[in-house]
Structures are given as structure tokens and as C-alpha cells.
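The values are calculated or read from the model by the stated rules, or taken from the named source; none is laboratory data. What you see is a predicted model, and the numbers here were worked out from it, not measured in a lab. Please note: Cβ atoms are built from the backbone with ideal geometry, for glycine as well, and neighbour counts cover all protein chains shown. The accessibility values were calculated without ligands, DNA or RNA, using every heavy atom of the protein model including side chains. Shrake-Rupley method; radii C 1.70, N 1.55, O 1.52, S 1.80 Å.
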Amino acid sequence: ELKVEQNPLFLSMQEGKNYTIYCNYSTTSDRLYWYRQDPGKSLESLFVLLSNGAVKQEGRLMASLDTKARLSTLHITAAVHDLSATYFCAVISAGGSQGNLIFGKGTKLSVKP
Amino acid sequence: NAGVMQNPRHLVRRRGQEARLRCSPMKGHSHVYWYRQLPEEGLKFMVYLQKENIIDESGMPKERFSAEFPKEGPSILRIQQVVRGDSAAYFCASSPRQGAYNEQFFGPGTRLTVL
């Protein structure tokens, strides 16, 4: 059974600081997604990482994928209050062909001034 | 091009009543996934449907829950005889094609509260 673990689950950081969220998954998968969710809202797609060594950046967020280590990271640079949200990583299930996503529990990020 | 639409956005039911949640996929998308999100949790897969077919319902409880995606009209997730534990946010996502490599686009969700 494919399992996805994120850590930390809660993250309180000050504006201007850097931090990294980690996403580990238990079996082979070569496609990983990062989503953002604001309270009471739907999921906004941030990144799709397709292959080993993939790195993508958008603004203050950068995501990377190491398929050998089964690890993805979401790095936050010089955090601002607007980044406060819950961040989820998700991978395609081990069944593969159907495409349903397996999500981590999410990292609730709070950026304080 | 409208995104994935879900209605109602909020639904309140008393124990024992039925809940019907609707999902209209993005234009041109014929694949629909339903997920459930409990408070402070990630989303959990429930069911995957194509038009007139259930492809994978491995994540859906065997009793009280059913889903359909008719040839015409939205996909519907139906919960009979709701219980308090059914209170959650239910999201649907659509994609244009089958397979592990097609990105899913999420709707705004339906938040179900069972009194």
C-alpha cells in the first residue's frame, strides 16, 4: 500500500525566514504533485514533478523530487504572510493505471510578521 | 472555460437523511475522481468514474455510498442514511484522459455537515 508522509505537520515561521517541507512516499512513483489549500477552499495545483532530479520554482517556492530516495521537498524562501496555507503532496497510487492520488496529511504553514 | 463545478457548496443533513453531491467536470473532461477530506486530514480517494462506468471504487465504503456519472449530466455521489462520521469536505476532480499521467483539476468542494 502506498503511503505518503509529510513533515512537519505544523510549521510556524517568521516572515523573511527559509524553511523546507518534506514528503516521503513508500513505493515507486515517478510523478509527484504539490498543492496549496487555503481554509475552506479547494486545492490549487502548485507543481507537478515528473522525473528524478526535477526541480521547479515559482516565486518563493521551489520543489524538487528524488525518486531514488522517494523524497520530495518544498522549499520556502524568505517567507511572507501570503504563503500561510496548508500544503499537500500527493503521488499516483501504486495501481498506477487509474491515476487516483494518494495524499499526505498536509503541512499547515503559518507565517507571522 | 469554466473549471470543475460542484454543488451544493454546503449541505446540512440530519442523521438518517440522504445527501446528494454533484460534480460537473471541466469541459472536455470525461474522467471524474471523488475524494473525501476529514478535518485536519489529507484527501482520501473514494471512486473513479468515466461516463457511464465505475472504474475503481476501492476507496468507497461498501454500504450507504454510491456514485454515478451518467451519459448526460453531472457525476453524483450519493450517501444514504448519513451518520455524523460522514461530515467532511467532498472534492471531485476531473481529467481529460485515463491514466496516471493526466493532471487532475479540483472543484471547490462540498462541505457536508451531519447533525
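For the reader, a short list of remarks on this structure follows.
- Filter pass, A:Ala63 being more than 11 Å from chain B (Cβ to nearest Cβ), in a strand (DSSP E or B) and closer than 24 Å to B:Gln37 by Cβ: yes
- Segment B:39-52: number of residues that are part of a loop (DSSP other than H, G, I, E, B), closer than 29 Å to A:Pro39 by Cα and open to solvent by 10 Å² or more (accessible area, probe 1.4 Å): 3
- Scanning segment B:1-45 for residues that are more than 9 Å from chain A (Cβ to nearest Cβ), free of Cβ contacts under 8 Å to residues at least 40 places away in the same chain and not small (Gly, Ala, Ser) gives B:Asn1, B:Lys27.
- Selected residue (only one of A:Thr67, A:Thr77, A:Thr86 is hydroxyl-bearing (Ser, Thr, Tyr) and in contact with an Asp or Glu (Cβ under 6 Å, 6 or more places away or on another chain)): A:Thr67
- Applying the criterion of being among the small types (Gly, Ala, Ser) and more than 10 Å from chain A (Cβ to nearest Cβ) to the residues of segment B:75-114, the residue that is nearest to A:Leu50 (Cα to Cα) is B:Ser94.
- Residues (of a type in the set (Ser, Thr, Tyr), surrounded by fewer than 21 Cβ atoms within 10 Å (Cβ to Cβ) and assigned to a strand (DSSP E or B)) located in segment A:6-49: A:Ser12, A:Tyr19, A:Thr20, A:Tyr22, A:Ser45
- Here segment A:59-78 is the region considered, the condition is being among the charged types (D, E, K, R) and touching a strand residue (DSSP E or B) at 6+ places or on another chain (Cβ under 7 Å), and the residue that is most open to solvent (accessible area, probe 1.4 Å) is A:Arg60.
- Elements of type strands (runs of 3 or more DSSP E) contained in segment B:53-108, each with 3 or more residues being open to solvent by less than 30 Å² (accessible area, probe 1.4 Å): B:75-79, B:88-95
- Entry remark, segment B:62-83: residues being at pLDDT 95 or above and in contact with a strand residue (DSSP E or B) (Cβ under 9 Å, 6 or more places away or on another chain) number 15 in total.
- Restricting B:Arg15, B:Arg9, B:Arg22, B:Arg36 to residues that are at pLDDT 95 or above, closer than 24 Å to A:Ser45 by Cα and surrounded by fewer than 15 Cβ atoms within 10 Å (Cβ to Cβ) narrows the list to B:Arg9.
- All of A:Lys108, A:Lys3, A:Lys56 fail the test of being surrounded by 14 or more Cβ atoms within 10 Å (Cβ to Cβ), of a type in the set (D, E, K, R) and within 27 Å of B:Met46 (Cβ to Cβ), apart from A:Lys108.
- Residue in segment A:48-66 that is basic (Lys, Arg) and under 15 Å from the mean Cα position of the chain (by Cα) present: yes
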